[in-house]
1. Going through region 104-120 one residue at a time, which ones are more than 11 Å from the chain's Cα centre (by Cα) and either crowded, with 23+ Cβ neighbours inside 10 Å or small (Gly, Ala, Ser) (or both)?
2. What do you reckon, is Ser242 surrounded by fewer than 19 Cβ atoms within 10 Å (Cβ to Cβ) and either among the polar types (S, T, N, Q) or free of Cβ contacts under 8 Å to residues at least 40 places away in the same chain (or both)?
3. For region 211-272, give me every one of the helices (runs of 4 or more DSSP H) that falls completely inside it and has 1 or more residues that are under 21 Å from Phe89 (Cβ atoms), touching a Cys at 6+ places or on another chain (Cβ under 7 Å) and modelled with pLDDT under 85.
4. Which of the residues belonging to region 121-138 are surrounded by fewer than 18 Cβ atoms within 10 Å (Cβ to Cβ) and of a type in the set (A, V, I, L, M)?
5. Residue by residue through region 128-174, note down the ones that are farther than 25 Å from Thr102 by Cα, modelled with pLDDT of 70 or more and among the hydrophobic types (A, V, I, L, M, F, W, C).
6. Please work out if Ala278 is assigned to a helix (DSSP H, G or I), of a type outside the set (Asp, Glu), modelled with pLDDT of 90 or more and over 16 Å from Thr120 (Cβ atoms).
7. Tell me, please, whether a residue that is modelled with pLDDT under 70 and part of a loop (DSSP other than H, G, I, E, B) can be found in region 183-190.
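The values are calculated or read from the model by the stated rules, or taken from the named source; none is laboratory data. This one's a predicted model, so the numbers in the text were calculated from it and none came from an experiment. Note: ideal-geometry Cβ built from the backbone for every residue, glycine included; neighbour counts use all protein chains shown.
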Amino acid sequence: MWLKVLNDFFSIALELTILFVVISFLISLLQSFIPYDKMQKYLSGKNLPLGVAAALVFAFITPFCSCSTIPVVVNLLNKKVRFGVVMVFLFSSPVLDPTIITLMGAILGIKVAVAYTVITSVLSVIIGFVLERLGFESAVKNVVVTGYQEHQSKFSLKQAAKETLVLIKTVYPYLIIGAAIGSVIHGLVPTEWISRYLGGSEWWLVPIAAIIGIPLYIRLSTMIPLSQILIMKGMAIAPVMSLMISSAGASLPEVTLLNSIFQRRLVVAFLISVFCMATLSGLLFYMI
């Protein structure tokens, strides 16, 4: 049985490694064509739809986890970017990663990747401006970020290779952890058990998955191979997506960092918003 687990692990790890390296390099290369200076201008401009679009694009092209998003949020707030636009970036950045979404498309299917991207983008916009409408901008503390460097666009194969190596060091280990956990589940956890308790269409599985995901510091890169195994084992895709979004959208380290720049009521609102985003996303996956 353990031999089967090892075989599954090496098979999954090899497939993920090839996909990850190729996709990371291509996306790093494409990012050199993105005008980051203009994007900052759009974020700070008076054209709201353009600012929202820029926030989503900026979130998509910056491969940040939930924690590394915080310095960028502080920088945008210090530049007087509209609060709702900054919140759109805060919610969308950890869950919109070009490398991981492309990997998601290769592993879980294009339809799943597209639906995931559209749903999380729309909900990020809605939640961001609901928080602004409710007056949470007054709950932002005066914080100055130091040591933050903005991305510079420059076409270079060497730079793309360098950024790929950085991603391999920072993201790839979590991908392998997900492959290892998935291999153990695939080899040792009975399919009948997952199908019976997690494979149904009961709506309450979605909010439970969202609650479980929030305290876990599971990066999106870890969840991709893990979700593939869970779905193969018979777990419904809706709670899988809910778990994926809540674990990527919030974590205990991130909440600690947010507590340093937000008042407690905004931190609580953030956690409730991530839960709602994960739950609504999961329920929408039931519909599609």
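1. Let us first name the residues in region 104-120 that are more than 11 Å from the chain's Cα centre (by Cα), namely 104-115, 118-119.
Across region 104-120, the qualifying residues are Met104, Gly105, Ala106, Gly109, Ala113, Ala115.
2. Working: surrounded by fewer than 19 Cβ atoms within 10 Å (Cβ to Cβ): no; either among the polar types (S, T, N, Q) or free of Cβ contacts under 8 Å to residues at least 40 places away in the same chain (or both): yes.
For Ser242, the condition - surrounded by fewer than 19 Cβ atoms within 10 Å (Cβ to Cβ) and either among the polar types (S, T, N, Q) or free of Cβ contacts under 8 Å to residues at least 40 places away in the same chain (or both) - is not met.
3. Values: elements: 220-232, 237-249, 252-261.
It comes to 252-261.
4. Of region 121-138, the ones surrounded by fewer than 18 Cβ atoms within 10 Å (Cβ to Cβ) are 122, 126, 130, 132-135, 137-138.
Val122, Ile126, Val130, Leu134 - these are the residues of region 121-138 that are surrounded by fewer than 18 Cβ atoms within 10 Å (Cβ to Cβ) and of a type in the set (A, V, I, L, M).
5. Of everything in region 128-174, those that are farther than 25 Å from Thr102 by Cα, modelled with pLDDT of 70 or more and among the hydrophobic types (A, V, I, L, M, F, W, C) turn out to be Phe129, Val130, Leu131, Leu134, Phe136, Ala139, Val140.
6. Details: assigned to a helix (DSSP H, G or I): yes; of a type outside the set (Asp, Glu): yes; modelled with pLDDT of 90 or more: yes; over 16 Å from Thr120 (Cβ atoms): no.
When the stated conditions are applied, Ala278 does not pass them.
7. Looking only at region 183-190, we keep the residues that are modelled with pLDDT under 70, and these are 185-190.
Of the ones still in play, those that are also part of a loop (DSSP other than H, G, I, E, B) are 189-190.
Yes: one or more hits.
To keep it simple, each residue is scored yes or no on (1) over 22 Å from Cys276 (Cβ atoms); (2) touching a helix residue (DSSP H, G or I) at 6+ places or on another chain (Cβ under 6 Å); (3) without any contact (Cβ under 8 Å) to a residue 24 or more places away in the chain.
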position: Ser92; (1), (2), (3): no, yes, no
position: Val95; (1), (2), (3): no, yes, no
position: Leu103; (1), (2), (3): yes, yes, no
position: Val112; (1), (2), (3): no, no, no
position: Ser124; (1), (2), (3): no, yes, no
